[in-house]
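The values are calculated or read from the model by the stated rules, or taken from the named source; none is laboratory data. Keep in mind that what you see is a predicted model, and the values were worked out from it rather than measured. Every residue, glycine among them, receives a Cβ derived from its backbone with ideal geometry; neighbour counts consider all protein chains shown. Each accessible area value is taken on the protein alone, full model and side chains, heavy atoms only, with ligands, DNA and RNA left out. Shrake-Rupley method; radii C 1.70, N 1.55, O 1.52, S 1.80 Å.
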Amino acid sequence: MHTIQEVRAEYDRLDRLCGVDTTGIEIVFSARSVKRLGSFRPPVPAKGLPARIMISAALLESDDPFWDTVRHEYAHAAVWLTHPGERHGHDEVWKAVCRRIGCAPKSTAPAGEQSEALRRQRAKYMVKSHACGAETYYLRAGKIVTLMERGYRKRIRCGRCGSNDLLLYERDGG
């Protein structure tokens, strides 16, 4: 199980390598984030929000996807620190930082299948198409689940086959 202290130690090492200072950037693990493995948010002064790197808690048990995600988000922070006010996303500037720090310069994490398996495992709700058997998993009772619980099942269609013959299952999710 990884810790924020381990992540901070890695960021301190990368700071020395890149010549930036990320100590003012908050690092958090999110138990709610399963689909998105990580994110970097620059500060929002108008709302008093500091810069923040979020790593999905779903990765805490793994090694390769965890450290690649940690470095991926660090690359966003380093680009933001060296190019303030500019938007770079996953462009060549960001990719150059990725290569320098040793993470895959890709916009999506290599843990897609692992992420989807964790999502299924932790899901509280499952909606299944009676027509094609497609299953969609939900961690929370959002719009789709709420509409189905209220009896508006015919207004919702399967994303795969278009059928509105859907069934809602409440699961014991993680």
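Of all DSSP-defined beta bridges confined to the chain, some 75% are antiparallel rather than parallel. Relative to its residue count, the chain spans a Cα convex hull of 149 Å³ per residue.
Taking a ≥ b ≥ c as the square roots of the eigenvalues of the Cα gyration tensor, the stretch 1-75 is oblate, since a/c reaches 1.5 or more and a/b is not larger than b/c.
Once backbone amide H atoms are built at 1.01 Å from N, Y125 has Y138, R171 as its partners under 5 Å, excluding neighbours fewer than 5 places away on the same chain. Using 0.36 nm per residue and subtracting the Cα-Cα separation, the extra length available between I4 and T23 on full extension is 5.6 nm.
Calculate the FRET efficiency for D64 and D91 from the Cβ-Cβ distance with a Förster distance of 22 Å, rounded to the nearest 0.05. Plugging the Cβ-Cβ distance into 1/(1 + (r/R0)^6) gives 0.35.
Rolling a 1.4 angstrom probe over the protein heavy atoms with all chains in place gives the chain an accessible area of 59 Å² per residue.
To put it simply, the accessible area of the chain at a 1.4 Å probe is 49 percent carbon and sulfur. Across the stretch 46-102, counting alpha-carbon atoms alone, Rg and Dmax equal 12.7, 37 Å. Counting only heavy atoms of the protein chains and using a 1.4 Å probe, T146 has close to 40 Å² of accessible surface.
Within straight-line reach of K154, meaning a Cα separation under 20 Å, sit the following aspartates and glutamates at least 8 residues removed in sequence or on another chain: E135, D165, E170.
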